[in-house]
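This report concerns only the one structure given below.
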Amino acid sequence: MSERLFDRVALIGIGLIGSSLARALRRDSPGTTIVACARRAETLATARRLGIADATTEDAAVAAEGADLVVIATPLSAYAEIGQRIGPVLKNGAVLTDVGSVKQAVVRDLGPYVPDGVHFVPGHPVAGTEHSGPEAGFAELFRDRWCILTPLPETPSEAVAAVGRMWECCGMRVVTMSADHHDKVLAMTSHLPHLIAYTIVGTATNLEESLKSEVIEFSASGFRDFTRIAASDPVMWRDIFLNNREAVLEIVQRFTEDLTALQRAIRWGEGEKLQELFTRTRAIRRSIIEAKQA
Ligand code: NAP
């Protein structure tokens with residue numbers, strides 16, 4: 001960020017995503033004052049030790065007061081309480097954004113607490129790892145990834161542009177869409193794959209002991225990739241499934257139908273059907289590599 005987009009930024013939540021943003025701001029916008037908020041003194045001490053915040057507080061209202069930009073980067077289940085706490089202190093003209101993985105629920109939970117004169121730009125930097133906490137973050141996390149903004153009809157375009165510029169400076173490609181559309185797309189691209197990974201790894205943990213130890217021994221043959229996804233933060237993913245229920249259930253329904261069709265093809269020895277599908281899916285992988293999203 002060669003320009004200083006915001007003078008004072010409050011980061012409510014300083015884990016993987018919050019601390020990665022803090023690092024990027026530190027690197028590219030050193031004039032920005034960063035105030036970090038988390039519940040635990042230990043988290044805040046780590047943020048101070050890492051030098052990614054100018055001030056730290058356990059009180060979201062103290063962090064948000066006087067901030068030009070407030071970024072909520074906690075698990076989704078904390079949003080409503082945080083909104084209630086910070087709503088009264090948000091300054092006129094401030095921009096409120098977030099990084100949550102579901103967007104309709106964010107509008108539902110935060111919307112009622114956004115006062116007139118504060119510009120609400122829900123957002124989702126689609127970048128992450130299976131690690132959590134302030135030490136897991138790194139400034140390059142966002143490079144070449146998509147950031148989806150889901151502004152409300154009344155959100156001024158300048159506020160959307162300012163948030164978009166910040167993420168672009170982090171190396172992201174920014175796109176806007178409706179919260180509803182975001183939730184449908186992410187149900188397919190992120191939430192369903194996680195659900196499948198949790199299921200597969202869950203099935204393995206239910207196996208009898210002898211088989212289980214061999215699954216771990218021979219994990220490189222496919223299982224290992226699922227264990228990485230299934231190692232993602234349990235609280236974050238609980239919240240995602242509870243808050244994107246409809247879109248996830250719809251896509252799980254379709255997935256189940258497709259799985260049943262594959263089951264039939266295997267049962268009836270329909271090799272052509274299997275090969276045709278696997279050829280199509282291989283092409284998808286190639287297009288992801290070409291889009292530099294691999
Ligand atoms: P994380 O590493 O677990 O960090 C969460 C942070 O929020 C911690 O600093 C935690 O500190 C703090 N926190 C939790 N409850 C709080 C509360 N009530 N008030 C203030 N601070 C609180 O999580 P993350 O991976 O950064 O995820 C944060 C958000 O980003 C989630 O909404 C998630 O959906 C979204 N997201 C995640 C990814 C990913 O891959 N991880 C990708 C894109 C978007 P304390 O425990 O000390 O309070």
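The values are calculated or read from the model by the stated rules, or taken from the named source; none is laboratory data. Only a predicted model underlies this, so the values are computations on that prediction, with no experimental measurement involved. Heads up, the Cβs are rebuilt from the backbone with ideal geometry, glycines too, and the neighbour counts pull from every protein chain shown. The accessibility values were calculated without ligands, DNA or RNA, using every heavy atom of the protein model including side chains. Shrake-Rupley method; radii C 1.70, N 1.55, O 1.52, S 1.80 Å.
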Query raised in the report: Of all DSSP beta bridges in the chain, what percent run antiparallel (nearest 5)?
Result: 10 percent
Query - Per residue, in Å², the accessible surface of segment 8-177 once ligands and nucleic acids are set aside, probe 1.4 Å - result: 40 Å²
Query - For segment 192-294: rounded, prolate or oblate by the Cα gyration tensor [a/c cutoff 1.5] - result: rounded
Report summary line: Taking a ≥ b ≥ c as the square roots of the Cα gyration tensor eigenvalues, with a/c under 1.5 meaning rounded and otherwise prolate when a/b beats b/c or oblate if not, segment 38-80 comes out oblate
Requested in this report: Within the chain, what's the longest run with no chymotrypsin sites (Phe, Trp or Tyr not before Pro) in a DSSP loop and at most 16 other beta-carbon atoms within 10 Å? Give the range, please.
Outcome: 1-137
**Report entry** Net +/- balance of residues flanking residue 251 in space, Cβ distance below 15 Å, scoring K and R +1, D and E -1
**Finding:** -3
Requested in this report: Go through segment 110-194 and name the GluC sites (Glu not before Pro) that are in a DSSP coil and have 12 or fewer other Cβ atoms within 10 Å of their Cβ.
Outcome: 154
Query raised in the report: When we measure straight from the Cα of residue 212, which aspartates and glutamates land under 19 angstrom away, once same-chain ones fewer than 8 places off are left out?
Result: 225
Query raised in the report: For segment 10-89, which trypsin sites (Lys or Arg not before Pro) are in a loop by DSSP, counting at most 16 other Cβ atoms within 10 Å?
Result: 39, 40
Report task. Summarise the accessible area of the chain (1.4 Å probe, protein heavy atoms) by the percent that is carbon and sulfur. Result -> 55 percent
Report task. Under 11 Å from the Cβ of residue 83, count the other residues' Cβ atoms, weight Lys and Arg +1, Asp and Glu -1, and hand me the total. Result -> -1
Report summary line: In a Gaussian network model of the chain with springs linking alpha carbons closer than 10 Å, the residue among 247, 41, 187 that fluctuates most is 41
Report task. In whole angstrom, note down how far apart the Cα centers of segment 240-277 and segment 1-79 are. Result -> 41 Å
Query raised in the report: Leaving out ligands, DNA and RNA but keeping every protein chain, what accessible area does residue 277 have, in Å² rounded to the nearest 10, with a 1.4 Å probe?
Result: 50 Å²
Report task. Just tell me, in residue order, which DSSP H segments of the chain are both 15 angstrom or longer along the helix axis (alpha-carbon based) and at least -1.0 in mean Kyte-Doolittle hydropathy. Result -> 16-28, 157-169, 192-205, 245-267, 271-290
Query raised in the report: Can you flag which of 103/292; 103/273; 184/292 are past 32 Å Cα-Cα?
Result: 103/273
